[in-house]
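Heads up: the structure comes next, in structure tokens.
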Amino acid sequence: MRKITLLLAFLIALAPLSLFAQNSASGEIKPAPWSGDWWSRKRGLLIKGWQGHQPSPFEKFDNYAKIRTGKNPGVHAWEADTRNNHYNPNAEGWEGHCNGWAAASILTPEPTITRTRAGIQFTSADQKGLLSEQYMNCYCNFYGNRNWGKPGDDPDDIYPDEFHRLLIKYIGSGKSAMVCDIAVDRMVWNYPIYKFESTWSTGWFDDKKLKVTTYCYYVNDDVHPDFIGCKWFKVKYTYNLFLDDRGNIVSGEWTGESRNNHPDFVWVPTGDCTVPANSTLENPRLDPALVREICEGPARETAGVRASINPDFSIQEAGLNPDELF
Amino acid sequence: MNKKVLLVALMFCCATILVAPGIMASENGLEPSQTGFTPTWQIGEEWVLESSHKDLKSDVESWQAPIQWVFKVRAIKEKNGVECYVIHIHANNPDVKNQAVLWLAKDDLRPVRVIDLYPTLNGMKYSEKEVDPNNPQPLLSEDTIVPYDLPVFPLETEQANRAQGADGFSAYGKIKEAIGKKFAKIRNVGGLSFKRTVSQNNKQPKRQNSDGFGAYSAQGMSKDAQQAYSIEISEERAQNDISQTWRQGYPWAVASTKRDRKVRLVKYQNKTNNPNTENGGNEQ
């Protein structure tokens, strides 16, 4: 009798564990975005080149454009003008082209081989430099709010429930890598996330809370300009997600070290954008058509013209049948 | 006794003063009666929206080059037992490859099926947005740059808000209450459901928008055709409120703004000048 009582007590004690169900989600974008230099404003490698790499990427571009069009577009001169704040020896150490690199690494194939155009050799690093500049200004879907270090900025933003949704929505579904500013303070450090692994469980005696641990794999830009491939680093985030009576996630909170170390904002680049008048976001002298010519050759141009003639081609390319849709 | 009579008389007077305006308004036909507006379209009809996008990650306030989006009614087809307009949306700029296809119920434009198309390194792909035709909600163009934000129709405003009271002060003194609706927006993603409350408020439009959208005040159109509906759609904890202005006689919102996007109708076929067409929108 006593044994039965003990057994019952043991089973009752274990009962809450049944609520401690483990769940998980993961995803990975293939091919992964490529690593590349983030082209610091302070160092100015795009205009100065680096040891063993002369002329610089932008000098090569100007030379190529002059051969192709008969005129020097002045990409190097514009970039070197400190008033445009793309090169500035007095810039803060974190300022640079990380957003351009991050977008280009997601939206364009990695230039892995040297291209010789009009007798000029464009190495992988040259091409990555041109692409990083071209994508400084791009269309994107933006989530959260940038922390400017001002009173009223919400230190918990981006909220973990939104972050978790985006991870599953974009990376879990294979839709796209996404870019995070990993610095929760006023500095901006943009890195693409291309992979995540997330596990969660309900809390002891609290089935309205999911305790989540997520590992995010970021593509690293702390590489030599000539680096080819994807070098990554991993960051662990912890957070709680809160459920309503129907099991819907309605809010969340960062926990542990993630309270002060979580993404500030998230954005997903969707395409290149022409430079608006008087904007210094991107070097306006850099012709994207010539960059494409250098990095991809004329084949892609043909595809673009085809799509512009009839947008139904893009629908077909996605695997849908316009005749059935319409 | 006299005091009682006086008190009753006083109360009667007060009650009369309080109730009279309501009675008078009713007699004058000025009671707040609901009206509604739902655009109607025809196969082949098309219009163009221009969207400008703000770069929220930039150090300085910066608006990017606008994109023109062609909206075309490609078909009217049945989907899940509902007769729908099939709207195809694509950019005029071939470099912008995002597209969308919307199935909107012909009766009230509630979303029945929504497809987002987007470019990837492996070519174009598509995803279907989760919509529940039996539980209509504002359609938000989240996770895409295609600006197809759509409120729940019919759009409503209070008849009384348009009426000038006999005393001439109504236009100044009436508090124009918004007509609000709330929706539980559930996003099912990877086996999890994320819930937020989305609200839609129909407000009295301003006479002139400060951002220049007031230019879309339908020059040369009839007074009825200029009836405007100002809509605000907001989602809790999202800080991404949408303000839209719809006008009878126009196929889509003439202006729409949110924190990182301004959209305006730039080309359309003005159907209201042609009394033989049914495209001017329907009063309900």
Please determine, by comparing only the residues of segment A:10-47 that are of a type outside the set (S, T, N, Q), modelled with pLDDT of 95 or more and within 30 Å of residue A:202 (Cα to Cα), which one is nearest to the chain's Cα centre (by Cα).
A:29
With respect to the numbered conditions (1) at pLDDT below 95; (2) surrounded by fewer than 20 Cβ atoms within 10 Å (Cβ to Cβ), which one is the sole condition not fulfilled by residue B:64?
(2)
Residues being under 22 Å from residue A:272 (Cα atoms) and surrounded by fewer than 16 Cβ atoms within 10 Å (Cβ to Cβ): count how many of those fall in segment A:104-123.
2
Check segment A:240-257 and report whether any residue there is free of Cβ contacts under 8 Å to residues at least 24 places away in the same chain, within 14 Å of another protein chain (Cβ to nearest Cβ) and surrounded by 14 or more Cβ atoms within 10 Å (Cβ to Cβ).
yes
Of the conditions (1) assigned to a loop (DSSP other than H, G, I, E, B); (2) surrounded by fewer than 19 Cβ atoms within 10 Å (Cβ to Cβ), residue B:109 fails just one. Which one is it?
(2)
Of the residues in segment B:105-138, those that are of a type outside the set (Lys, Arg), touching a Phe, Trp or Tyr at 6+ places or on another chain (Cβ under 6 Å) and within 14 Å of chain A (Cβ to nearest Cβ) come to B:112, B:115, B:117
When residues of segment B:67-98 are limited to those that are more than 9 Å from every other protein chain (Cβ to nearest Cβ) and without any contact (Cβ under 8 Å) to a residue 12 or more places away in the chain, the one surrounded by the most Cβ atoms within 10 Å (Cβ to Cβ):
B:78
Considering residues that are within 14 Å of chain B (Cβ to nearest Cβ) and either under 21 Å from the mean Cα position of the chain (by Cα) or without any contact (Cβ under 8 Å) to a residue 12 or more places away in the chain (or both), the number found within segment A:198-215 is 2
Among the charged types (D, E, K, R), touching a helix residue (DSSP H, G or I) at 6+ places or on another chain (Cβ under 9 Å), more than 26 Å from residue A:246 (Cβ to Cβ) and within 13 Å of chain B (Cβ to nearest Cβ): which single residue out of A:195, A:175 fits that description?
A:175
Verdict on residue A:88 being in contact (Cβ under 8 Å) with a residue 40 or more places away in the chain and at the interface with chain B (Cβ under 10 Å from one of its Cβ atoms):
no
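Would you confirm whether or not segment A:115-125 contains a residue that is within 22 Å of residue B:238 (Cβ to Cβ) and aliphatic (A, V, I, L, M)?
For segment A:115-125, residues within 22 Å of residue B:238 (Cβ to Cβ) and aliphatic (A, V, I, L, M): absent.
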Please work out which one of (1) within 12 Å of another protein chain (Cβ to nearest Cβ); (2) buried (at least 18 other Cβ atoms within 10 Å of the Cβ) is the condition residue A:225 fails and give its number.
(1)
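The values are calculated or read from the model by the stated rules, or taken from the named source; none is laboratory data. Treat the numbers as computed from the prediction; the structure is a model and nothing was measured. Reconstructed Cβ throughout: ideal geometry from the backbone, glycine too, with neighbour counts over all protein chains shown.
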